[in-house]
Amino acid sequence: MIKFLQRRWKWLAAMMAFLLAIVVAGSWIAGGVLCAPSHRPIPVPVDLAVEPVSFSSASGATLRGWLVAGATNRGVVILQHGVRANRLEMLGRARLFSRAGYTVLLYDFQAHGESTGEKITFGFLESRDAQAAVAFVKQKFPGRPIAVVGVSLGAAAAALAQPPLNVQALVLEMVYPTIVEATKDRFEMHLGPLGRCLSPLLTSQLKLRTGVGVEDLRPVAQVAQITAPKLFLAGTEDRHTKFSEAQEIFRQAAAPKTFAPFPGAHHEDLIRFDPAQYQKVVLKFLEEHLP
C-alpha cells in the first residue's frame, strides 16, 4: 500500500511538473508574440480625403499616418490606436471629427502598421510617439488647439508621456491602470480568478524583452500630473480593464476631468458600440475645450 501511494505521488508530481513546464513555455511564447511588431500595409480609405504624412519620434521610429484637413479653422484631433492595431482602427473617429470641422491626424505607433519599430512596449516607447505627434501638429498648425483621443494602448501612451502632453484636451478610452493589473485581468478572463496568480509569468519577461519595467507602465500614477481637461470613457462590462479599475483611474486623475460610462460595453470600439452616445459625449467635450 505504501509503495502504491509513493508511486501515485511520484506520478502526480511528474504530471504537475509537466503541466507547469507547459504553462511556462506557453507564457514565454505568448510574451514573444505580444511584444513582436505588428506591421502591415495600410490601404487608403476611399471615402476620406487623406494626405500621407511621416515624422520622426524619440522612440527611434519613423511614424507614418494620414492627415485629414478640417473644413473649418477649428482645432486638431490626434487619434491613437490600440495594441496590435493601426490607424485603420481610428477611421470611424476620423470621419466623425472631420465632419465636425476638426483637422485630424491618425498615425501608426512604432512597431505597428507602416511605422518602423522592432517591439511593442505597451505605452512606454509609444508615449514618445504621442509627444512626436503633438510636436508635428504644433509645427504644421501653429496656434491651433489640440486634443488627443487614445484607445487602450493609445490612451496609456497619452497618459504616460513625460512631460505631460502639451495639449488642450485628452480623451482616454479604456486605459489600463497598471501593466500588472492588465496582465492579471487577462489571465483571469481565460483561467478564472486563480489565473491572476500566473501574471508574473508574463510581467517577469517585460524587462528582458523590451527593456521596460512594470514600474514604467502605471498610467494610474501619471494621470494625477496631467492638468489638461480629461474625458475618461469606459465600458461597464469590460474585462480587460475592469470598470472598477476605470473608476479608480478617474478618481486618481487631476481636475478638470469627466467620466462617461458606456453601459453594457466590453473592451471594444465604443464608437461602434454606441455611436450616438460617443458622438454626444466626445463632441461636447471637444467643443468645450477646443475653442
request  = Of all residues in the stretch 251-274, count the ones that are assigned to a helix (DSSP H, G or I) and touching a helix residue (DSSP H, G or I) at 6+ places or on another chain (Cβ under 8 Å).
outcome  = 4
task = Filter the stretch 69-101 for residues that are more than 24 Å from residue 159 (Cα to Cα) and of a type in the set (A, V, I, L, M) and give the result.
result = 69, 71, 100
key: Single residue of 128, 99 found to be out of contact with any Cys (no Cβ under 8 Å at 6 or more places or on another chain), surrounded by fewer than 24 Cβ atoms within 10 Å (Cβ to Cβ) and farther than 30 Å from residue 205 by Cα   = 99
inquiry  = Taking the conditions exactly as written (of a type outside the set (Phe, Trp, Tyr) and within 22 Å of the chain's Cα centre (by Cα)), does residue 78 satisfy them or not?
reply    = yes
inquiry  = When you check residue 118 against the structure, is it assigned by TED's automatic domain parsing to the domain that holds residue 162, closer than 24 Å to residue 219 by Cα and in contact (Cβ under 8 Å) with a residue 40 or more places away in the chain, yes or no?
reply    = yes
task = Please find, within the stretch 213-230, the residue that is surrounded by the fewest Cβ atoms within 10 Å (Cβ to Cβ) out of those that are within 16 Å of the chain's Cα centre (by Cα) and of a type in the set (Val, Ile, Thr).
result = 214
inquiry  = If I ask for residues that are out of contact with any helix residue (DSSP H, G or I) (no Cβ under 7 Å at 6 or more places or on another chain), of a type outside the set (Asp, Glu) and either in the same structural domain as residue 125 (by TED's automatic domain parsing) or under 20 Å from residue 221 (Cβ atoms) (or both), which ones from the stretch 163-199 would you list?
reply    = 163, 182
remark   = When residue 241 is run through (1) part of a helix (DSSP H, G or I); (2) within 19 Å of the chain's Cα centre (by Cα), the failure sits at (1)
request  = Quickly run through the stretch 136-146 and pick out the residues that are surrounded by fewer than 16 Cβ atoms within 10 Å (Cβ to Cβ) and under 18 Å from residue 80 (Cα atoms).
outcome  = 138
message = Out of 274, 269, I need the residue that is charged (D, E, K, R), touching a residue at least 60 places away in the same chain (Cβ under 8 Å) and surrounded by fewer than 21 Cβ atoms within 10 Å (Cβ to Cβ). Which one?
response = 269
Answer residue from the stretch 236-266, given it is more than 30 Å from residue 187 (Cβ to Cβ) and of a type in the set (A, V, I, L, M, F, W, C) and is surrounded by the fewest Cβ atoms within 10 Å (Cβ to Cβ) among those = 255
Residues being under 24 Å from residue 154 (Cβ atoms) and surrounded by 13 or more Cβ atoms within 10 Å (Cβ to Cβ) - total across the stretch 190-212 = 9
task = Take residue 233 and decide whether it is among the hydrophobic types (A, V, I, L, M, F, W, C), outside the structural domain of residue 260 (by TED's automatic domain parsing) and either surrounded by 20 or more Cβ atoms within 10 Å (Cβ to Cβ) or outside any strand (DSSP E or B) (or both).
result = no
query = Under 8 Å by Cβ, and 6 or more places apart or on different chains, what pairs join a residue from the stretch 136-158 that is more than 24 Å from residue 176 (Cβ to Cβ) with one that is outside any helix (DSSP H, G or I) and hydroxyl-bearing (Ser, Thr, Tyr)?
reply = 141/103; 144/103
task = Scan (1) assigned by TED's automatic domain parsing to the domain that holds residue 95; (2) within 28 Å of residue 60 (Cα to Cα); (3) polar (S, T, N, Q) for the single condition residue 205 breaks and write down its number.
result = (1)
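The values are calculated or read from the model by the stated rules, or taken from the named source; none is laboratory data. Computed from a prediction, not measured in an experiment: that's the story for all the values here. No Cβ is skipped: glycine too gets one built from the backbone with ideal geometry, and neighbour counts run over all protein chains shown.
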